[in-house]
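Here is the structure we will look at.
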Amino acid sequence: MPLSVVWFKRDLRTTDHAPLMNAITQCVQNGDELLLVYLFEPEMLAHPTTSSRHLCFQWQAIQGLNQRLVSQGLSLKIHPLQASAADVFKWLHSQHQLQFLFSHEETGLRYTYERDLNVKNWCARNDVVWNETPQLGVIRGLQNRKRWSYRWHANMRKPPIKVDFNPWLKAGLLPCIPEWPSPWKMTAPPKPTHEHDVLGKGPFQMGGEEQAQQLLTSFIKDGRIENYQKHISKPEESRQSCSRLSPYLAWGQLSMRQVFQALEACESKTMAHRAFGSRLRWHCHFIQKFESEHRIETENMNRGFDDMTVVTNGDNLLRWMNGDTGIPFIDACMRCVRETGYLNFRMRAMLVSFLTHHMGHSWKDGVNHLARCFLDFEPGIHFCQFQMQAGVTGINTLRIYNPVKQGLDHDPDGLFIRKWVPSLQEVPLAFVHEPWRMPPLELAMQGGDTRSVAPMIDIKATARQARSRLWTFKNHPAVRAEAQRILNVHVDTRYQRRRRP
Ligand SMILES: Cc1cc2nc3c(=O)[nH]c(=O)nc-3n(C[C@H](O)[C@H](O)[C@H](O)COP(=O)(O)OP(=O)(O)OC[C@H]3O[C@@H](n4cnc5c(N)ncnc54)[C@H](O)[C@@H]3O)c2cc1C
């Protein structure tokens with residue numbers, strides 16, 4: 001019997017899922033067998049952005065979905081396999097007459113792009129029809145942003161796809177249950193080929209479509225959104241007052257349309273609702289940038305910055321990665337994200353600013369480390385945001401965050417610092433943000449000395465150097481020419497006048 005396969009990627013959900021619905025329709029029409037797969041591919045496991053927390057999050061979602069399918073009386077399940085797409089589809093073709101492949105389009109890392117090209121060519125050579133559906137309002141092959149926002153809104157307002165298994169059940173069709181080659185079978189979440197640095201063990205948010213729906217309800221209907229803007233920049237309070245939907249959106253366990261429509265359904269709209277709505281659009285805006293120019297995974301978005309000198313200091317880099325710079329607010333933020341997988345936007349920006357501006361490193365030195373730390377790692381947002389904060393786009397306002405000021409503004413009582421840097425538990429509030437300012441007597445009472453509280457670098461001097469370095473470059477003709485190109489490709493013409501380089 002011919003076979004239709006749904007290939008789940010960053011879309012482990014059964015609601016608003018066009019490929020799943022299309023596959024069911026196809027099977028009912030043709031009497032095909034149906035198979036659902038998720039692939040933990042060798043390239044994914046070996047990739048420097050991958051960490052165990054990502055793999056567990058996907059694994060949890062698969063387990064949750066399979067339980068739900070069973071509870072609905074369906075004999076279907078998602079088969080997690082540790083194998084490459086090429087091997088799996090070739091094998092299915094030879095053993096089970098694979099004819100139709102259904103998936104969402106993916107805007108991912110270079111290896112997923114190249115893999116998809118190979119799968120596409122293989123399908124064409126073997127008469128397998130690959131039916132790919134766009135998602136997120138991201139448009140493939142887009143040349144510029146004319147009317148992008150309008151098209152995005154129109155897309156978000158379309159009714160979500162209702163996945164209905166009833167026609168499939170009524171037709172008495174069967175799921176395909178292959179006897180997989182043994183190395184592909186999985187009973188536990190896989191480990192990355194090599195963990196690059198030892199990150200914390202959680203607690204992390206738990207993966208799953210049900211968890212995502214509950215979080216959405218608690219944010220929009222049960223009122224967590226009320227303090228959204230008030231707390232968005234606070235590292236501790238944001239954990240409760242921001243939506244925390246990012247891992248579910250990044251891994252597709254919730255569709256953007258579902259979140260957008262839940263927000264639209266609110267009767268009264270406050271500033272918080274509007275601010276949140278804008279960020280939903282930003283999510284897709286950044287992924288669209290990556291879709292149009294995915295070379296920025298490894299190259300400066302603005303090539304004019306290619307000649308900028310950068311520092312390479314392995315010891316300092318390690319201290320930044322481990323949250324051991326001696327600057328309390330930086331260390332607290334890094335330790336927090338390593339342990340919990342989450343940090344609010346401003347503090348993420350500050351970590352990048354510190355790495356690239358104060359330490360003078362290239363963004364490339366830290367981008368994979370934070371990708372591994374963030375449970376919500378989404379390539380399209382991550383690489384674009386990293387470069388924006390590093391100041392190498394030439395079109396964004398340059399921000400050099402002073403970590404002491406950020407700490408005083410957003411953790412005035414030092415509670416967040418004390419939570420994550422226990423060695424500062426007993427330090428008086430007056431010095432908790434700058435322990436190096438402690439008088440010798442106070443220091444001695446804390447059992448420390450000048451060396452033990454010395455910051456890794458001088459924040460003010462390094463900020464001055466960074467400012468002059470970046471401003472000199474920003475006015476360079478090559479940077480300005482590239483900035484204009486970036487505006488033409490990635491920014492809606494309506495906003496270009498305001499953002500002229
Ligand atoms: C250096 C850096 C790297 C980042 N990497 C990622 C990443 O890998 N994945 C990721 O989802 N976000 C990333 N962000 C953006 C942002 O920090 C997170 O989306 C946000 O903190 C997630 O928390 P939340 O779900 O509570 O967001 P909320 O504030 O509740 O926002 C709702 C949703 O909007 C989107 N969103 C919010 N802020 C932004 C933003 N500034 N840009 C784009 N989309 C946004 C996210 O999908 C988020 O879930 C990064 C930011 C920086 C500065």
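The values are calculated or read from the model by the stated rules, or taken from the named source; none is laboratory data. Just so it is clear, the model here is predicted, and its values are computed rather than measured. In this analysis, Cβ positions are derived from the backbone assuming ideal geometry, glycine residues included, and neighbour counts consider all displayed protein chains. Calculation scope for accessible area: heavy atoms of the full protein, side chains included, ligands and nucleic acids excluded. Shrake-Rupley method; radii C 1.70, N 1.55, O 1.52, S 1.80 Å.
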On C-alpha positions alone, give me the angle between the axis of helix 328-340 and the longest principal axis of the chain, in degrees, nearest 10. 20
Report, ordered by chain and residue number, the aspartates and glutamates lying within cross-link reach of K185, taken as a straight Cα distance under 16 Å and ignoring same-chain residues fewer than 8 apart. E41, D87
Please tell me the relative contact order of the range 336-407 in percent, rounded to the nearest whole number, where contacts are Cα pairs under 8 Å and at least six residues apart. 37
Which angle from 0 to 90°, rounded to the nearest 10, does the C-alpha axis of helix 110-125 make with the longest principal axis of the chain? 10
Long pairs among K201/K289; K120/K364; K158/K234; K77/K289; K234/K405, criterion Cα-Cα beyond 24 Å: K201/K289; K120/K364; K158/K234; K77/K289
The answer for the chain, accessible area per residue at 1.4 Å probe in Å², is 45
Helix 477-490 against the longest principal axis of the chain: what's the angle in degrees, Cα atoms only, rounded to the nearest 10? 40
Residues with beta-carbon under 12 Å from that of C176, excluding C176: net charge, scoring Lys, Arg +1 and Asp, Glu -1? -2
Summing -39500 (n - 2.57) over every DSSP H run of at least 4 in the chain, dividing by its residue total and rounding to the nearest 500, the 222 nm mean residue ellipticity is -14000 deg cm²/dmol
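Under the rule a/c < 1.5 gives rounded, and otherwise a/b versus b/c splits prolate from oblate, where does the range 352-469 land using the Cα gyration tensor?
prolate
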Environment charge of T312, counting only residues whose C-beta is closer than 11 Å and scoring Lys/Arg +1, Asp/Glu -1: -1
Is the range 268-409 best put as rounded, prolate or oblate by its Cα gyration tensor, with a ≥ b ≥ c the root eigenvalues, rounded for a/c under 1.5, and otherwise prolate when a/b is larger than b/c, oblate when not? oblate
So the carbon and sulfur contribution to the accessible area of the chain, 1.4 Å probe, in percent, is 52
Just tell me which aspartates and glutamates come within less than 19 Å, Cα to Cα, of K419; anything on the same chain fewer than 8 places away is out. E236, E237, D324, D331, E339, D409, D411, E434
Report the rotationally averaged projected area of the range 209-291 based on its alpha-carbon convex hull, in square nanometres. 5.5
Just name one of I400, V310, A18: the one whose Cα is farthest towards the positive end of the charge dipole of the chain (beta-carbon charges, Lys/Arg +1, Asp/Glu -1). I400
Could I have the simple spin-label model distance between L429 and S149, label points 7 Å from Cα toward Cβ, reported in nm to one decimal? 4.2
Using a 10 Å cut-off on Cβ atoms, rank the peptides 124-136, 321-333 from the highest mean neighbour count down. 321-333, 124-136
Taking alpha-carbon centroids only, the range 317-360 lies from the range 176-210 a number of Å equal to 27
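In percent, how large is the relative contact order of the range 194-249, given Cα pairs closer than 8 Å and 6 or more residues apart? Could you put the intermediate results ahead of the total?
Working: 35 pairs, mean separation 19.3, N = 56.
Dividing the mean separation by the residue count of the range 194-249 yields 34 percent.
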The answer for the net charge of residues other than N155 whose Cβ lies under 15 angstrom from its Cβ, with Lys and Arg +1 and Asp and Glu -1, is +4
Take the Cα coordinates of the range 31-125, assign each an equal point scatterer, and use the Debye formula without solvent to give log10 I(q)/I(0) at q = 0.24 Å⁻¹. -1.42
Three-way shape call for the chain based on the alpha-carbon gyration tensor, with the a/c threshold at 1.5: prolate
Which whole-Hz couplings ³J(HN,Hα) result when phi for each residue of the range 378-383 is put into the Karplus expression 6.51 cos²θ - 1.76 cosθ + 1.60, θ = phi - 60°, listed in order with x for Gly and Pro? 10, x, x, 7, 4, 5
Please turn the phi angles of the range 42-59 into ³J(HN,Hα) values with the Karplus equation 6.51 cos²θ - 1.76 cosθ + 1.60 (θ = phi - 60°), one per residue in order, whole Hz, x for glycine and proline. x, 5, 5, 5, 8, 6, x, 8, 8, 9, 3, 4, 5, 5, 5, 4, 6, 4
Which order, highest average first, do 42-52, 139-149 follow once you tally other Cβ atoms within 10 Å for each residue and take the mean per peptide? 42-52, 139-149
For K474, counting only aspartates and glutamates whose alpha-carbon sits under 14 Å away and dropping same-chain residues fewer than eight positions off, the answer is D306, D307, E482
